[in-house]
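I have a structure here, written as structure tokens, and I will follow up with some questions on it.
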Amino acid sequence: MKAENAYRSNKRRGSLFVVSAPSGAGKTSLCRMLCNKTGGIKHSVSYTTREPRNGEINDIDYTFIDKKEFLQMVREGEFIEWAEVYGNYYGTSARRIEEAISAGIDIIMDIDTQGAKQLMEKKADATYIFILPPSLEELRNRLVCRNTDSGEVISKRLQRAVKEIRDYNLYKYVIINDSIEYALDDLSAVVRSERCRMEKIDEIWIKETFLKEVG
Ligand code: 5GP
């Protein structure tokens, strides 16, 4: 653990960061870059029924399961939120989140707006962050340049993007991903400011460091 985090160590619960964005806004890269450059924060590994893409690793990018297993987990109440996106199911395991948070690890969840809204309804203690592309034209360009989708899929993604953007005002922070460096700075700033909240400081550390001798 970095020295800067010592006073927020294991006696405190980790924080939960929920990040949503329309596809093509750069959310996945941003979350990955944030976790690489910041100690004490991990990406939440969701369960999904979609097929792994090239290079994706089971239990690292996602836990890949079939629909039957997924629906079984839904019935057993294993997800704190779940949603259907483009015909596939995605869900966050309550147990995985609880284990990390209670070990003092911050978790960043990259989930769609349906899932984020479920957490908001449950009043989950989390920081909600929405990532916007600089414009719809730029979003279209990025989807075209990715070269992974047909024209029809791209228009579906754009329609869905507009639907998701309508919910931007439910989130606490909005980050515009015009330049990835600036957006990453903004995201890091949000994480750092949440970590500085008074409730996140280890009370025992305060007592032992400052209050023990004087009383
Ligand atoms: P992709 O298949 O491109 O990795 O993700 C498609 C969408 O599903 C993205 O918007 C992503 O944020 C969302 N997603 C990934 N994991 C989860 C999850 O656990 N729950 C919900 N609600 N959405 C998720």
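Give the residue that is nearest to Thr127 (Cα to Cα), with candidates limited to residues of the range 173-188 that are under 14 Å from the mean Cα position of the chain (by Cα) and open to solvent by 30 Å² or more (accessible area, probe 1.4 Å).
Looking at residues that are under 14 Å from the mean Cα position of the chain (by Cα) and open to solvent by 30 Å² or more (accessible area, probe 1.4 Å), I get Tyr173.
Shifting gears a bit: Just checking, does the range 142-149 include any residue being outside any loop (DSSP other than H, G, I, E, B) and of a type in the set (Asp, Glu)?
no
Would you check if there is a residue in the range 116-127 being within 15 Å of the ligand (Cβ to nearest atom), assigned to a strand (DSSP E or B) and touching a residue at least 40 places away in the same chain (Cβ under 8 Å)?
Within the range 116-127 (the criterion being within 15 Å of the ligand (Cβ to nearest atom), assigned to a strand (DSSP E or B) and touching a residue at least 40 places away in the same chain (Cβ under 8 Å)), the answer is no, since none of the residues qualifies.
Another question, if that's okay. Could you check how many residues of the range 95-115 are open to solvent by 40 Å² or more (accessible area, probe 1.4 Å), more than 8 Å from the ligand (Cβ to nearest atom) and outside any loop (DSSP other than H, G, I, E, B)?
The qualifying residues number 5.
Being among the polar types (S, T, N, Q), under 26 Å from Thr148 (Cβ atoms) and out of contact with any Phe, Trp or Tyr (no Cβ under 6 Å at 6 or more places or on another chain) is the filter here, so list the residues in the range 39-90 that pass it.
Once the filter is applied, which keeps residues that are among the polar types (S, T, N, Q), under 26 Å from Thr148 (Cβ atoms) and out of contact with any Phe, Trp or Tyr (no Cβ under 6 Å at 6 or more places or on another chain), the range 39-90 yields Ser44, Asn54, Asn88.
Ok, one more. Looking only at the range 1-21, count how many residues are over 20 Å from Ala126 (Cβ atoms) and either in contact with a helix residue (DSSP H, G or I) (Cβ under 8 Å, 6 or more places away or on another chain) or modelled with pLDDT of 95 or more (or both).
4
Okay, next question. Which one of these is surrounded by 14 or more Cβ atoms within 10 Å (Cβ to Cβ) and without any contact (Cβ under 8 Å) to a residue 24 or more places away in the chain: Asp167, Asp149?
Asp149
Shifting gears a bit: Scan the range 80-94 and tell me whether some residue there is more than 16 Å from the chain's Cα centre (by Cα), near the ligand (Cβ under 9 Å from one of its atoms), crowded, with 17+ Cβ neighbours inside 10 Å and not β-branched (Val, Ile, Thr).
The answer is yes; a qualifying residue exists.
For Leu71, only one of the following conditions fails: (1) surrounded by 18 or more Cβ atoms within 10 Å (Cβ to Cβ); (2) part of a helix (DSSP H, G or I). What is its number?
Result: Leu71 fails condition (1) only.
Output the number of the condition that Arg192 fails; it satisfies all remaining conditions of (1) basic (Lys, Arg); (2) closer than 25 Å to Ile105 by Cα; (3) open to solvent by less than 90 Å² (accessible area, probe 1.4 Å).
Only one criterion is unmet by Arg192, namely (3).
The values are calculated or read from the model by the stated rules, or taken from the named source; none is laboratory data. As the structure is a prediction and not an experimental result, all values here were calculated from the model. Backbone-built Cβ (ideal geometry, glycine too); neighbour counts: all protein chains shown. Surface areas here come from the heavy atoms of the whole protein model, side chains and all, with no ligands, DNA or RNA. Shrake-Rupley method; radii C 1.70, N 1.55, O 1.52, S 1.80 Å.
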